[in-house]
Structure formats: C-alpha cells, structure tokens
Amino acid sequence: MFKNLLLIVAVVAAANAQTGRERHVDSKADPHWEGYRNQLIPNPIPITRQDFGFRTTRYTGSTNGEIGGWIQRSITPAYYAKVIPTKTLQDKLTASGKFAVTRDDGAAGMLIGWFNEKSRGWRTPNSLVFRIDGNGGRYWLFYEYGTRNWLTGGGGCFEGERYQTTTTKPFLADGTVHEWTLSYDPDASDGNGLLTFMVDGRKYSQPLAPGHKADGAAFDRFGAFNVQVTGGGMEAYVSDLTLDGHVLDLQTGWEAKGNKVEFEERVIRPYDYFGYTRANETTKGKIGGIIWRDEKLAYYADKVGPLTLDDELFASGKLAFNGAGSDSAVFLGWFDSASKTNKVTSEIKERQKNLLAILIEGPSRVGHYFRPAYTTASGTGISEDSGPIIRPDGLVHKWSIRYSPRATDGSGQIIVTFDKQTQTLTLKPEHRRSGATFDRFGLFNLQTGGHFVDVSLDDLTYTVRAK
C-alpha cells in the first residue's frame, strides 16, 4: 500500500512538474532585487572608542605599571600584546597575573592570553585565552580556545552550563583585584590536551574535543585584545604578568594595534546591511553584505514565483564567505515572501515555512556547515545536521543546489554541491505531500538571536517560473 501511495505521489508530481526557466545575474550590474529590512542604519551611528595599553596606574595594586584602560567590543581588532616566538597546541603553556574591572557598560568584553596577529572574529581562531564578559556593572569569566580552522571549546567560571541560569553570583565591576592562572597541557586528557583556568584559588578545566588539537593553532602574540563582535565597553586592568615562568616587562617588546582609536561603528547588532553595492574606483560591485541572525526578518531576493515542490529547481554561482561570528547563519535559496514577512516569532518557537535553500550555519565548536534545508507550508521539514565546512576566509567557492521532485519514487531530493563536495537530502514523503510554495530567490536570515555573517555572491543562475 505504501509503495502504491508513493507511486501515486510520483505520478501526480510528474503531471504537475513545470519546467521553469533560468535567470542569470552577476555583480557587474544592479539586479534590482527586492529588499526587506535589509539595510538598516541606526540614528545616531554609535562610536567605538579604544583607549588601552600600558599605564602607570595602580588599579591592580602593582607598582610596576599595568595594561588597561577602556576597551570596547568591535569587529575591528584592537590589542596590546607582546610579540612571542610561535607556540602551538603541541606546547605546554602557562601564564598568570592579576586583573581588576573598574567599570562595565554592558555587552562588553576583554580577552587575555595567547593569540595570533591575524586572529579575527568572535570565538577567535588561533587563540587560547580567558574572557572577561561584561553584563552591565557585573561580569562573568570564561576560558576558551580556537584552532586555526575555527574549532572552539571552553567553559565558564560558574555552576551549570549557562550563566543565564546559574546560581553562581557574577563578579562585580567594582575594582576588586583577582588573581588568575591560565595553563594548557598538550599531553593531558588522553593526549587531547587540557585547558585549565584558576581564579582566586578556584580551579576550572576543559579538555579539548577530539581532533581539535590535531587541527592545530599558531600563537605569536600574548596580551590583551577586544572581543570581536559588536557591543559596549569596559575599563579593566591587568598586571604582574608571568609567561611560562618568566616575569614580563610590560613595555619592552610589546605591540599596539588599534588600541588608541575612535570611529563610527558600522557593523552593529542587529542592523543588517546587505543588498547590492555598486562598483567604484577601488571595489567591485557586490551582492551580499552583513546579515545578522535575529528574531526580526530580513531578506534581499528576486521575484521568481509562484513555484512549488512540484517544480524542478536549480541554482548555482560563486560565493565568498568574508567574515562571521560563531552562532551565525544565513539562507540562500527559494522562500515565500508572505510567510517570511508574517513571521514574528523566534525560530526556536516556530520554524520558518516554505523554504528550500542552502543553510550556512553550525555549532560553535565547528563553525559553519554548507548544507541543504527545506520546510513545508506547515513548517515541517529538515536541515542536514552536518555537511561541508565553509570558513570565513574570503575564498571564492563554486556551489549549486538542485531539487528534483520525481527523485526517490516521487518523494523529492535536494543535491547541494560545494566545490567538489556533494550532499544529498531526501524529502520525507509526508513532507512532500504537505507541499510548499516559493515566490522569491535570494539571501534571507535565520530568525533567532545570534551573530553576523558577511557573504557575497556572483555569477548567479537560478530557476524562475516559466512565462
């Protein structure tokens, strides 16, 4: 009986399947796509100010100076650090000192430890640090690492898994001085490596996940740098630093970059800014930009429908993943504009309806998968839980997505290619019967809180409804 039902579905699909036509656009000319909440600018535009480095102050009680001042979250890197011989996750590392936070405006952050001069982004690759995470007059402490390929891990100095639900009281930004030690043992935890952090005599540790040590990291700086995501600022100080058993002079051999600046901040959560950017004397035209994972909707897309799950769908092109924070995402594909604009709830409470797309998203321990996803008119659907990994390194990739409604006995099948890798997703028969409609093709956000991606598209070909 089940086979007969699938046969009926296949026959109906074959009868209803339409041969769409293909449209081609590239970044040389404005495609005149429709934008919805895709270019938002705050008024007034906030100012990012960095003013930290070596000080002769004594907020930490040191008589030999300290590192500190005002440090603010921003995707623009800022640091004051000692240049060191390159260390890796094969080396034993240890550092200690004192710190004090005298002011915190909220959504702020400062990182202290090992990193790389080229390290960029939230959940910073090539880093092994502890984080002072400001929450408005109080703060939490985290210890964390990032490998060369954005694999991450760590923990928090509190009971439970989340500071939002912990019974542990936060630290107060009242100038209290705390002593800390950060260490890494590559041979511990069955050879996977172990990260240990101590604050005021309390010890916390986190084994590296299997495979993360092998992925590797390169550290050529040690010091203080900003959390590279949009946010506020804090005033904090660090002193009495020792590195691998040696007391550090806080001035000799240190490098300062971006730590004495003031500028208008253009990448601000949750202000999306993506669409088409015209070419000028120094840059090419661009389809794409900054897209935040946020409860409120945003898209930039072409009018292509109506199309349904009975239609053959195909799209291909080139894509550059220019930047991203962990816990960020974007869809690329077909969706229904009415379903999108009528959605006012978080993705956690209710999934988006009527989409068939590539989802660039993944857990923070991995970064971002490049994977197929779909939902029906009722909101049921699937997104693959793994796939090829895409890095926010600005490299250009070739991609495609093909949906065949008659494949797998009429259930339908999505095939996604990423460079030379291929992933297949078969629709569930009950989902196929539920159906879905699409009237747009383009970029659209995942509607739940998170961070941003910076993506650009070129040389696009995609299915639109036949005239």
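Annotations for the structure displayed:
- Relative contact order (%) - criterion: Cα under 8 Å, at least six apart; region: the chain: 23 percent
- Pairs exceeding 31 Å between alpha-carbon atoms, taken from Lys98/Lys118; Lys303/Lys398; Lys203/Lys260; Lys213/Lys257: Lys203/Lys260.
- Segment 151-235: Rg to Rh, with Rh as the Kirkwood radius over Cα pairs: 0.98
- Inter-probe distance in nm under a simple model that places probes 7 Å from Cα toward Cβ, at Ile45 and Lys118: 3.0 nm
- Summed over the residues of segment 356-402 and divided among them, the accessible surface reaches 35 Å² per residue at a probe radius of 1.4 Å.
- Mean ellipticity per residue at 222 nm, deg cm²/dmol - from DSSP H runs of n ≥ 4 across the chain, formula -39500 (n - 2.57): -2000 deg cm²/dmol
- Three principal axis lengths of the chain [C-alpha, angstrom, descending]: 83, 52, 40
- For segment 89-103, the residues whose backbone nitrogen is under 11 Å from a point 7 Å from the Cα of His178, taken along Cα to Cβ, are 99-101.
- Segments 419-428, 136-145 sorted - mean Cβ within 10 Å per residue, highest first: 136-145, 419-428
- For segment 175-287, the ratio of Cα radius of gyration to the globular rule of thumb 2.2 N^0.38 Å stands at 1.53.
- Three-way shape call for segment 298-361 based on the alpha-carbon gyration tensor, with the a/c threshold at 1.5: oblate
- Both the radius of gyration and Dmax for segment 354-467 are 14.5, 46 Å, in that order, over alpha-carbon atoms.
- Taking a ≥ b ≥ c as the square roots of the eigenvalues of the Cα gyration tensor, segment 404-465 is prolate, since a/c reaches 1.5 or more and a/b is larger than b/c.
- Surface exposure of segment 11-168, expressed per residue as accessible area with a 1.4 Å probe, stands at 45 Å².
- Helix 2-16 vs. the chain, principal-axis angle (Cα, 0 to 90°, nearest 10): 80 degrees
- Taking the accessible area of the chain, probe 1.4 Å, and keeping the other protein chains in place, the carbon and sulfur fraction comes to 49%.
- Cα gyration tensor shape of segment 303-427, rounded if a/c is under 1.5, else prolate or oblate by comparing a/b with b/c: oblate
The values are calculated or read from the model by the stated rules, or taken from the named source; none is laboratory data. Predicted model, so just to flag it, every value in this text is computed and none were measured. Here the Cβ is made from the backbone with ideal geometry for all residues, glycine too, and neighbour counts use every protein chain on show. Areas reflect the complete protein model, heavy atoms only, side chains present, ligands, DNA and RNA absent. Shrake-Rupley method; radii C 1.70, N 1.55, O 1.52, S 1.80 Å.
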